[in-house]
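S.K.: After the structure tokens below, expect a handful of questions from me.
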Amino acid sequence: MSDYWNNRVKNLSPYIPGEQPKDRRLIKLNTNENPYPPSPKVIEAVKNAADESLRLYPDPECTQFREAAAARYKVKPEQVFAGNGSDEILAFAFGAFFESSQKGYKDAPVLFPDITYSFYPVYANLWDIPYKTVPLRDDFSINIEDYKINSGGIVISNPNAPTGTPLPLDDILSLAEYLEKQKKVLIVDEAYAAFGAQSAVSSIDKYPNLLTVHTLSKSASLAGLRAGFAIGNEKLIEALCRIRDSFNSYTMDRLALAGAKAAVEDVEYYNEINRRVIATRERVTAALRAMGFNVLNSSANFIFIKPPKTSGKDFFAALREKGILARHFNKERIADYLRVSVGTDDDMDKFINVCGEITGEFNANNTK
């Protein structure tokens, strides 16, 4: 705390990202990065963009990137918003579509699950937006009927994080229809949709209150580039632009714009590597279940696991001791689970072997 902080800063509880270890001897399975490299076309595009034009400001409208994304998803460029990763876009969306409690909207909170991406409550608090968390079912699935109440809008991650569980498109559209009657926005965070969930992009023309948010960090292997986009009705995109231009009109630099454009255009390359991620995910899921782990069905590039005969905290520590870094959330209901990113086949073979060693130790010693 500092005497120079305002009350907004004093009351914030910032998002804590996954650990980025300096020790590269660890097998890093904690932040859902794609285990495969970006498309060679992306690398070439970034190299070509690294020229004397860097002295000039980038295109504030991100035109070429937006046009490429529009062509891929069969929408109009005016229905695409580009930003510095999906986190930035989500922050803009909270500011654009949800009302502050100071405006007298305390009785219409924004809704999102009690177990989901932990940045959502941070955004709400930053913008002073009232929110309510809706409990997942015991199996960690979403019951959409729980969301059909008076609200200021809804945010859903599909598939959900950190559980990896998908929501059927019919359920998403049912929520969009319900909220449209209230003239409220449904934000669908599709950060992991490429790994098995149904995208809602094809329904944006039918539901003018539906905004889908996408990142190139996961499915396009570009976590280090910082690029994302949103797709929705032109009026929703205009609202995002108004928020962006009240902060910084140049949210994406020239190198990021070049790489992002090349990434959304190279569909064949990314479809292939993501098929490999999905195949590895299913193989690892089966192997862990055979060892007695509870593994949720996942449509993401990670799995959510509960180890047998020990706590999530102890299993996390045991994995790290053996050189594997996973993600543990010390939160009610999920404290005994770990989120494990899907790595290369070699990394996941090592992970499976280490899991067998650790569970054997716990079973033999029966001390934890």
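S.K.: Using a 1.4 angstrom probe on heavy atoms only, work out the carbon and sulfur share of the accessible area of the range 97-163 in %.
M.R.: So the carbon and sulfur contribution to the accessible surface is 46 percent.
S.K.: At 1.4 Å probe size, with every protein chain present, just tell me what the per residue accessible area of the chain comes to in Å².
M.R.: Per residue, the chain has 47 Å² of solvent-accessible surface.
S.K.: When the helix-only estimate is applied to the chain (DSSP H runs of n ≥ 4, each -39,500 (n - 2.57), divided by the residue count), what is the mean residue ellipticity at 222 nm, nearest 500 deg cm²/dmol?
M.R.: After summing the helix terms and dividing by the residues of the chain, the value is -11500 deg cm²/dmol.
S.K.: While we're on this one: Nearest 10 degrees is fine. How inclined is helix 312-321 to the longest principal axis of the chain, computing both from alpha carbons?
M.R.: Between helix and principal axis, roughly 80 degrees.
S.K.: Another question, if that's okay. Suppose the chain between Arg275 and Thr133 were pulled fully straight at 0.36 nm per residue; how much longer would it get relative to their current alpha carbon spacing?
M.R.: Value of the extension gain: 47.8 nm.
S.K.: Per residue of the range 220-232, what does 6.51 cos²θ - 1.76 cosθ + 1.60 with θ = phi - 60° give for ³J(HN,Hα)? Whole Hz please, x for Gly and Pro, Karplus curve as stated.
M.R.: Rounded to whole hertz, the list is 10, 6, 10, 4, x, 8, 6, 8, x, 7, 10, 10, x.
S.K.: Could you pull out every residue, at least 5 positions away or on a different chain, whose amide H is within less than 5 Å of the one on Phe302? Hs are placed 1.01 Å off N in the peptide plane, and Pro or chain starts have none.
M.R.: Excluding prolines and chain starts, which carry no amide H, the hits are Val342.
S.K.: A further question on this structure: Would you please report the Å³ per residue occupied by the convex hull of the alpha carbon atoms in the chain?
M.R.: Given the Cα convex hull of the chain, per-residue volume reads 157 Å³.
S.K.: Now, a different point. 5 Å is the cut-off here: which amide hydrogens, built 1.01 Å from N in the peptide plane, fall below it relative to Val110, excluding neighbours closer than 5 in sequence?
M.R.: Amide H to amide H, under 5 Å and 5 or more residues apart or across chains, Val110 pairs with Tyr131, Lys132, Gly152.
S.K.: Evaluate the relative contact order of the range 219-368 (contact order divided by residue number), counting alpha-carbon pairs under 8 angstrom at least 6 apart; express in whole percent.
M.R.: With pairs under 8 Å counted, the relative contact order is 19 percent.
S.K.: For the range 1-56, what does the alpha-carbon gyration tensor say about shape, rounded, prolate or oblate, given a ≥ b ≥ c as the root eigenvalues, a/c under 1.5 as rounded, and a/b over b/c as prolate?
M.R.: oblate
S.K.: Let me ask another. Please give me the summed charge of the neighbours of Ala93: other residues whose Cβ is under 11 Å from its Cβ, Lys and Arg +1, Asp and Glu -1.
M.R.: Overall, the nearby charge balance is -2.
S.K.: Once you list every other residue whose beta carbon is under 11 Å from the beta carbon of Gly83, what net charge do they have if Lys and Arg are +1 and Asp and Glu are -1?
M.R.: Summing Lys/Arg as +1 and Asp/Glu as -1 gives +1.
S.K.: With θ taken as phi - 60° and the coefficients 6.51, -1.76 and 1.60, list the Karplus ³J(HN,Hα) couplings across the range 276-285 in order, rounded to whole Hz; mark glycine and proline as x.
M.R.: 5, 4, 5, 4, 5, 4, 5, 5, 5, 4
S.K.: Here is a follow-up. Give the ranking of Arg137, Arg25 by solvent-accessible surface, highest area first, calculated with a 1.4 Å probe.
M.R.: Arg25, Arg137
S.K.: Among 64-73, 43-52, how do they line up from the highest to the lowest mean number of other beta-carbon atoms within 10 Å?
M.R.: 64-73, 43-52
The values are calculated or read from the model by the stated rules, or taken from the named source; none is laboratory data. All of these numbers come straight from a predicted model, not from anything done at the bench. Cβ atoms come from the backbone with ideal geometry, glycine included; neighbour counts cover every protein chain shown. We work out accessible area using only protein heavy atoms, side chains counted, and drop any ligands, DNA or RNA first. Shrake-Rupley method; radii C 1.70, N 1.55, O 1.52, S 1.80 Å.
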